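What follows is a short report on a single structure.
The values are calculated or read from the model by the stated rules, or taken from the named source; none is laboratory data. Model, not experiment: these values are computed from the prediction. Note that each Cβ is placed from the backbone with ideal geometry, even for glycine, and that neighbours are counted across all protein chains shown. Note: areas computed on protein heavy atoms with side chains; ligands, DNA, RNA excluded. Shrake-Rupley method; radii C 1.70, N 1.55, O 1.52, S 1.80 Å.
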Amino acid sequence: MERIEGQLADEEKLAKQVLSWITCAKRPLTTSELKHALAVEPEELQLDEENLCRVEDMVLVCAGLVTVDEESNIIRLVHYTTQEYFERTQKRWFPNAETNITIICVTYLAFNKFKSGICKTTRSLNNGFNQTSYTSTLHTTGVIMLGKLRLRVKVLWNFFKQNPKSRHQVKH
């Protein structure tokens, strides 16, 4: 972590974002999923594809702590002990990771792409995701994390303001 913290500010920030997503994700992430997650800007209504970073950059800034499985395109920590370490020390290295990930997920769910409301069938959900390069990871992670965390009121307010149909479909 000293090597990561010794990098330029933007590189350190990217490395900590990559490591926090990998550490906190509820399942392994593909490189495409992580690229899209990192490209989401809070309170924006669509993904700016210019924000997508290169996989090589994500790996490089993490100073040997992450690797990509070439067959599955899963980006992961290099060893299970690294995962255990970051899970134990998450509050030290990524104190706001779960909140930040939740904000990204809520922002993603508020994208104009989803303005028509909740998908009522698996087919419509799959069709929606196949039409763009977005993935379902943020949706899945967002649903899981929404149940766990306190969220910033402004982000939730904007989500429900832009998606009034969703207000009546939230299940406890």
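Taken together, Glu44, Glu70 contain a single residue that is open to solvent by 50 Å² or more (accessible area, probe 1.4 Å) and under 16 Å from the mean Cα position of the chain (by Cα), which is Glu44. Among the helices (runs of 4 or more DSSP H) confined to segment 1-94, the ones with at least 3 residues that are free of Cβ contacts under 8 Å to residues at least 24 places away in the same chain are located at 9-24, 55-61, 80-88. Of all residues in segment 73-86, those satisfying the criterion of being open to solvent by 50 Å² or more (accessible area, probe 1.4 Å) and closer than 29 Å to Ala110 by Cα are Asn73, Arg76. Only one of the numbered conditions (1) crowded, with 16+ Cβ neighbours inside 10 Å; (2) within 17 Å of the chain's Cα centre (by Cα) is not met by Glu11, and that is (2). Listed conditions (1) within 21 Å of Ala110 (Cβ to Cβ); (2) touching a Cys at 6+ places or on another chain (Cβ under 7 Å); (3) open to solvent by less than 20 Å² (accessible area, probe 1.4 Å); (4) not hydroxyl-bearing (Ser, Thr, Tyr) are all met by Lys35, apart from (3).
Residue-level check: of (1) modelled with pLDDT of 80 or more; (2) surrounded by fewer than 18 Cβ atoms within 10 Å (Cβ to Cβ); (3) over 18 Å from the mean Cα position of the chain (by Cα), Thr122 misses just (1).
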